[in-house]
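One structure below.
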Amino acid sequence: MRSPGSHLRTLAGPLPAACAVLLALASGTSACRSTATDADAAVGVVQRFFAALPAADCGALGPLLAPDTQGRPCDEVVAEMNAHELRLLEIASAVPDGRDRDAILVRAQLSQDGKPLKQPAVLRVVRHDGAWRLRP
């Protein structure tokens, strides 16, 4: 006959492993939420940038732009985009860049000179100085 509480000793072994699995699953869920939040933030940056683009106000656009890889200032980047009437039509997706945890790739349908582009553009949004910004 089993002693009182012996069934607890039998379950005591598997419990830590089960708890570890549950903890890992809970952590994964939290990480997914963080990734989703980052993707949402990146989408918001793209939407705000393209909404403000026609006005060409670098006071509003500058904080949404990461430094240009060619060193061009905001007004040059914006002037070039506006010269081609680059506009956002819709966002298809936003996913983390698998090579850089501080980058989100936003697939978007754009128009140029009033005509939709045939292929979606892949816009890179990077974390710069603690904020998500569009890389020109």
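The values are calculated or read from the model by the stated rules, or taken from the named source; none is laboratory data. As the structure is a computational prediction, the values presented were derived from the model and not from experiment. Cβ atoms come from the backbone with ideal geometry, glycine included; neighbour counts cover every protein chain shown.
Numerical summary
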| quantity | calculated |
| --- | --- |
| Tally, over the stretch 61-99, of residues that are without any contact (Cβ under 8 Å) to a residue 12 or more places away in the chain and within 22 Å of the chain's Cα centre (by Cα) | 2 |
| Check on residue 105, in a strand (DSSP E or B), under 20 Å from residue 42 (Cβ atoms) and touching a residue at least 24 places away in the same chain (Cβ under 8 Å) | no |
| Residue among 90, 80 that is modelled with pLDDT of 95 or more and in contact with a strand residue (DSSP E or B) (Cβ under 6 Å, 6 or more places away or on another chain) | 90 |
| Those residues of the stretch 87-109 which are under 20 Å from residue 126 (Cα atoms) and aliphatic (A, V, I, L, M), in sequence order | 88, 91, 92, 94, 95, 103, 104, 105, 106, 108 |
| Exclusive hit being loosely packed, with under 15 Cβ neighbours inside 10 Å and touching a Leu at 6+ places or on another chain (Cβ under 7 Å), set 106, 122 | 122 |
| Among residues of the stretch 64-93, those that are assigned to a helix (DSSP H, G or I) and within 17 Å of residue 104 (Cβ to Cβ), counted | 1 |
